[in-house]
Amino acid sequence: MPKYFERDPAAWDIIDFLSEYEAEPFDSNIDTYLKDLQRIVNSQKGKRAEKAKLLIKDYREASKKTFKSYWKGKWRERRPLRLLADPTPDPLEHSWPPSPNQRQPNLKEIRDTCSKDLPEMPTDLLKYVSFFRRKTTEELRIALDTRQDWEGKNFNKTRHFNFDWVKNSVYNLVLEFESDMLQQSHLEAWYNIHVWTFIDKSFNELEGVDIVRGESCSLASSKRKNNRRIIQGIVKTTRKSIGRRGDLIVRKGPYEYGASEVGKDYEGDNGSKLLKERGLKSPKMLKDMMIDLGNFVEWKTDKLRQFELVSFIHAGLFMILLRMDVPAGYICRITRSDTLQVPTNVSQFEKALKCLVLTWKAKTIICKTIDVVEEMCDDDVLEDLQGAGTLS
């Protein structure tokens, strides 16, 4: 009998047992585990026998397949730490996101490896945003009525677009405060049209960038799902699969750089819908986009390390920003922002200004990634021309 069962029976646990003997094959460990528990039941009495019966019962109510899948997941949770230093890991589609249940030192290592800070807003633009830190709609209208040097004939889209976008966004929010509509509950579409429209408009200065609304399908997800689709022959042609649907997709040409998910209710940071969209739906969609961009740049490490995609997560008037990058190997890392809010009371309008600042930072991240994707040195241009007509 393994020394494991010499300890206090209160500490017995199948996962702990598998961890202690992880060097041995899984099937062998399970067989040993069950046989030893049965021996304890047959030969002993008291707490040890009762605990052994309980563990056997738990195992039978579950299944061997369930425990095996869980154990593989536990192994893969530790795997990102090895992959960070491994130059030849598995393909990107085989990577697993780190679990929030990992030990803090492991999470810190993942978080700090080739970390990317949020971009900083220029001081002059930040001061202009701060100019609207007012407590009433009357004060906000006075601030909006103050003519700026860049307005009128002096306006230059390249230099002044973000100032104009801030002013326009503040004006639109003032209309909502004056109508008292922010204090009522609405459907998702209402929030997209009346509140989060400043996200769409922030991208108006980017040539060729399309902000797709209305549960649009992701092209990157569709590419992955139909990767093995073939013409009918021996096997019947499968129906073409559509990509994942998002409430917003940031797209330029055939490639995508960001997404958004919107919910009508905020039930706390761990609400069911928010957990699903923040922890599963959006990361999966961003990962498809990352793979698509990686294929386009032929997985060149110098470009891959610079990629960063974003996803806006909305629940009512609350907002979270997710960022995905590839810090090392082919592991995708998700970084989450604080939860920000568009307030229901105008006296807290400063909170809404933080949402504008975070939106500008997200746009800047996307701009940088687009530049990396589209950047080509002279050798790349010649190679691209030389490869005309070659099937990749």
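The values are calculated or read from the model by the stated rules, or taken from the named source; none is laboratory data. Worth saying up front: this structure is predicted, and the values here are computed from it rather than measured. Cβ sites come from the backbone with ideal geometry, for glycine too, and all protein chains shown count toward neighbours.
Got at least one residue in the stretch 316-331 being among the aliphatic types (A, V, I, L, M) and closer than 21 Å to E207 by Cα?
Scanning the stretch 316-331, I find no residue that is among the aliphatic types (A, V, I, L, M) and closer than 21 Å to E207 by Cα, so the answer is no.
Taking V250 and the conditions (1) touching a Gly at 6+ places or on another chain (Cβ under 6 Å); (2) in a strand (DSSP E or B); (3) free of Cβ contacts under 8 Å to residues at least 60 places away in the same chain, which numbered condition does it fall short on, given that it satisfies the others?
Going through (1) touching a Gly at 6+ places or on another chain (Cβ under 6 Å); (2) in a strand (DSSP E or B); (3) free of Cβ contacts under 8 Å to residues at least 60 places away in the same chain one by one, V250 breaks only (3).
So for the stretch 299-312 (the condition being crowded, with 22+ Cβ neighbours inside 10 Å, modelled with pLDDT of 95 or more, of a type in the set (V, I, T) and touching a helix residue (DSSP H, G or I) at 6+ places or on another chain (Cβ under 9 Å)), does at least one residue qualify?
Looking for residues that are crowded, with 22+ Cβ neighbours inside 10 Å, modelled with pLDDT of 95 or more, of a type in the set (V, I, T) and touching a helix residue (DSSP H, G or I) at 6+ places or on another chain (Cβ under 9 Å), one finds at least one in the stretch 299-312, hence yes.
For the stretch 257-269, state whether one or more residues are out of contact with any strand residue (DSSP E or B) (no Cβ under 6 Å at 6 or more places or on another chain), of a type in the set (D, E, K, R) and crowded, with 19+ Cβ neighbours inside 10 Å.
Looking for residues that are out of contact with any strand residue (DSSP E or B) (no Cβ under 6 Å at 6 or more places or on another chain), of a type in the set (D, E, K, R) and crowded, with 19+ Cβ neighbours inside 10 Å, one finds none in the stretch 257-269, hence no.
Does at least one position in the stretch 50-63 carry a residue that is under 30 Å from L280 (Cβ atoms), modelled with pLDDT of 75 or more and not basic (K, R)?
Yes, some residue in the stretch 50-63 is under 30 Å from L280 (Cβ atoms), modelled with pLDDT of 75 or more and not basic (K, R).
Tell me which residues, restricted to the stretch 114-138, are assigned to a loop (DSSP other than H, G, I, E, B) and out of contact with any helix residue (DSSP H, G or I) (no Cβ under 9 Å at 6 or more places or on another chain).
The answer is C114, S115, D117.
To keep it simple, each residue is scored yes or no on (1) within 30 Å of I291 (Cα to Cα); (2) modelled with pLDDT under 80.
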site: S347; (1), (2): no, no
site: E350; (1), (2): no, no
site: K354; (1), (2): no, no
site: T359; (1), (2): yes, no
site: C367; (1), (2): yes, no
site: V372; (1), (2): yes, no
site: D380; (1), (2): yes, yes
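(1) among the charged types (D, E, K, R); (2) more than 18 Å from L286 (Cβ to Cβ); (3) surrounded by 15 or more Cβ atoms within 10 Å (Cβ to Cβ): which one isn't true of R251, the others all being true?
Here R251 meets the rest and fails (2).
What number of residues within the stretch 144-172 satisfy the criterion of being of a type in the set (G, A, S) and at pLDDT 95 or above?
1
I'd like the full set of residues that are of a type in the set (D, E), within 19 Å of L54 (Cβ to Cβ) and under 36 Å from the mean Cα position of the chain (by Cα), limited to the stretch 13-40.
Answer for the stretch 13-40, where residues must be of a type in the set (D, E), within 19 Å of L54 (Cβ to Cβ) and under 36 Å from the mean Cα position of the chain (by Cα): D13, D16.
Does S241 qualify as being in the same structural domain as D200 (by TED's automatic domain parsing), at pLDDT below 90 and either closer than 16 Å to C217 by Cβ or within 13 Å of the chain's Cα centre (by Cα) (or both)?
yes
In this structure, does W165 turn out to be under 31 Å from the mean Cα position of the chain (by Cα), over 24 Å from K361 (Cβ atoms) and assigned to a helix (DSSP H, G or I)?
no
The conditions are (1) under 18 Å from the mean Cα position of the chain (by Cα); (2) not in a loop (DSSP other than H, G, I, E, B), and Q348 fails exactly one of them. Which is it?
So the condition that Q348 fails would be (1).
Any chance the stretch 69-87 includes a residue that's part of a helix (DSSP H, G or I), at pLDDT 55 or above and not assigned by TED's automatic domain parsing to the domain that holds D288?
yes
Within the stretch 139-153, identify whether any single residue is in contact with a strand residue (DSSP E or B) (Cβ under 6 Å, 6 or more places away or on another chain) and assigned to a helix (DSSP H, G or I), and answer yes or no.
No; the residues of the stretch 139-153 include none that is in contact with a strand residue (DSSP E or B) (Cβ under 6 Å, 6 or more places away or on another chain) and assigned to a helix (DSSP H, G or I).
With V342, V381, V310 as the choices, which residue is among the β-branched types (V, I, T), over 17 Å from the mean Cα position of the chain (by Cα) and within 25 Å of G279 (Cα to Cα)?
One residue alone meets the criteria, V342.
Could you check how many residues of the stretch 264-291 are under 16 Å from the mean Cα position of the chain (by Cα), touching a residue at least 40 places away in the same chain (Cβ under 8 Å) and farther than 15 Å from L321 by Cβ?
Final tally of qualifying residues: 7.
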